Amino acid sequence: MTDRLRFPSARSRLRRHPEPADPDSFRSPFQHDRDRIVHSRAFRRLAAKTQVATLPASSHCRNRLTHTIEVSQIARTVAVALGLNTDLTEALALSHDIGHPPFGHTGEDALNAEMQQLGLSFDHNAHALRIVEHFETRYARFRGLNLTFEVREGLVKHSRDLDPDDSRYQEYLPLRRPPLEAQLIDPADEIAYLTADMEDALEDGALDIATLCSAVPAFSREFEKVRSSHPTVGDRRALREAQRNLVGILVRGLVQGTTEAAQESGARDYDGVRQLAGRIAVPTPSTRHTMAQIRAILTSSYYNAAARLNAASEYAEALRELFRHYVAYPENLPASHASQLTEEPAHQVVCDYVAGMTDVYALQRHWEILGTRTFGQFRKAAA
Ligand code: MG
């Protein structure tokens with residue numbers, strides 16, 4: 001039933017700079033977008049950006065690139081189950097975090113705090129749009145990646161509706177919901193990071209099995225099932241098996257919840273989805289309840305663990321110092337960014353530069369330029 005809500009590729013509003021149809025191409029416009037994203041520099045830099053685990057992290061912990069790939073797998077699975085446009089879904093999932101600065105949400109908050117002191121703001125969705133519109137330079141005929149309208153719209157709307165008065169987004173239909181494919185990204189993101197962070201927190205020793213089982217009954221049931229059907233496997237394998245099963249439960253909950261919400265909404269096609277008052281890509285109530293339980297235990301044991309917060313705040317402070325340094329001395333910006341100073345104020349150019357850095361590059365720049373901070377944890381790991 002949800003397949004009639006599929007966004008038809010033929011209805012795309014296409015690209016800002018018209019491109020001649022390529023008779024030899026095997027790819028649809030959204031497949032082209034997916035490939036443009038995968039080949040971009042900003043996408044590759046995700047490999048060296050924090051997801052949750054701060055430096056020095058175990059090599060097994062997720063970084064923002066592996067997280068992105070996991071979101072893409074989950075979103076594609078859900079799109080296939082619902083009969084939606086998998087090419088559009090995949091392009092949106094692969095680009096959803098492309099605008100993330102170094103050091104995860106702490107880094108985002110740090111840049112936002114600096115920009116707010118100047119009466120402005122920073123968020124990774126707005127920055128993602130700047131990257132795909134201006135900063136990627138792989139094409140001779142235009143700046144940016146010249147992505148389709150629907151992928152750019154999904155980038156700025158995937159996690160929230162737009163403020164109708166925000167002058168930056170007037171072309172992106174601020175009064176309309178995004179297509180169902182774009183709405184899927186946020187819950188797929190949540191399922192991916194909650195289950196992955198659970199595994200990383202256990203690996204990290206921030207969380208133990210007994211605490212997790214008492215906090216998340218759905219996980220406990222899966223764990224007990226594995227223990228009774230495979231009594232000889234150790235805790236580690238049983239945990240992984242239970243974690244895999246839990247991903248499946250949450251994904252099915254998202255498929256079912258979205259199917260029910262789509263039915264109740266009365267939407268008949270992709271345009272009907274746009275006209276609705278709210279979003280319809282929603283997990284069932286019991287799935288949402290389980291996700292809230294996972295979030296609660298991760299928040300207290302992992303996200304807000306003192307050691308992680310201390311390291312994160314040290315890195316955030318370094319980012320703010322870098323920002324202030326470059327605003328005071330824009331002549332120290334590399335030539336690639338200095339040329340932007342003729343078009344935009346220094347703080348905007350600096351914000352773009354710092355947001356584009358990987359974790360390690362930001363620390364290296366800080367070390368070379370300011371050199372006063374010790375980053376105890378990081379040096380210990382490097383030694
Ligand atoms: Mg994400």
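Given the DSSP H assignment, sum -39500 (n - 2.57) over each helix run of at least 4 residues in the chain and divide by its residue total; what's the result at 222 nm in deg cm²/dmol, nearest 500? Can you show the working numbers first?
Details: 19 runs with 224 residues, N = 383.
Counting only the DSSP helices, I get -18000 deg cm²/dmol.
Quick one: if the Förster radius is 41 Å, what FRET efficiency do Y329 and A306 give, using the C-beta to C-beta distance and rounding to 0.05?
On the way: r = 35 Å, r/R0 = 0.85.
Between Y329 and A306 the formula returns 0.75.
For the pair S28 and R11, how long in nm is the line joining their label points, each one 7 Å along Cα→Cβ?
1.3 nm
Which value in nm describes the separation of the simple spin-label points at M1 and S229, placed 7 Å from the Cα toward the beta carbon?
3.0 nm
Report the Cα centroid-to-centroid distance between segment 159-175 and segment 256-299 in angstrom, as an integer.
The distance from the Cα centre of segment 159-175 to that of segment 256-299 comes to 21 Å.
With the contact rule set at Cα under 8 Å and sequence spacing of 6 or more, what percent relative contact order holds for the chain?
Values: 515 pairs, mean separation 84.1, N = 383.
Here the relative contact order equals 22 percent.
Using the crude model of +1 on Lys and Arg Cβ and -1 on Asp and Glu Cβ, and no other charge, please compute the dipole size for segment 42-101 relative to its Cα centre, in debye to 20. Working shown, then result.
Numbers: 6 positive and 4 negative charges, 52 e Å.
Taking the Cα centre of segment 42-101 as origin, the dipole is about 240 debye.
Could you give the distance between the Cα centres of segment 39-55 and segment 325-374, to the whole Å?
Cα centroid of segment 39-55 versus Cα centroid of segment 325-374: 18 Å apart.
When the convex hull of the C-alpha atoms of segment 60-192 is computed, what volume per residue in Å³ does it have?
On the way: hull volume 16.7 nm³, N = 133.
Once divided by residue count, the hull of segment 60-192 is 125 Å³.
Apply the a/c threshold of 1.5 to the C-alpha gyration tensor of the chain and tell me whether it is rounded, prolate or oblate. Kindly include the intermediate steps, with their values, before the conclusion.
Numbers: a/c = 1.92, a/b = 1.06, b/c = 1.80.
Judged from the Cα gyration tensor, the chain comes out oblate (a/c at least 1.5, b/c at or above a/b).
Sort the following peptides by mean Cβ neighbour count (other Cβ atoms within 10 Å, averaged over residues), highest first: 311-317, 91-97, 290-296, 25-31. Before the final figure, lay out the partial values.
On the way: 311-317: 19.9, 91-97: 28.3, 290-296: 17.1, 25-31: 15.4.
Top to bottom by mean Cβ count within 10 Å: 91-97, 311-317, 290-296, 25-31.
Laboratory data are not the source of any read-out in this text; all were calculated from the coordinates shown. Treat the numbers as computed from the prediction; the structure is a model and nothing was measured. Note: ideal-geometry Cβ built from the backbone for every residue, glycine included; neighbour counts use all protein chains shown.
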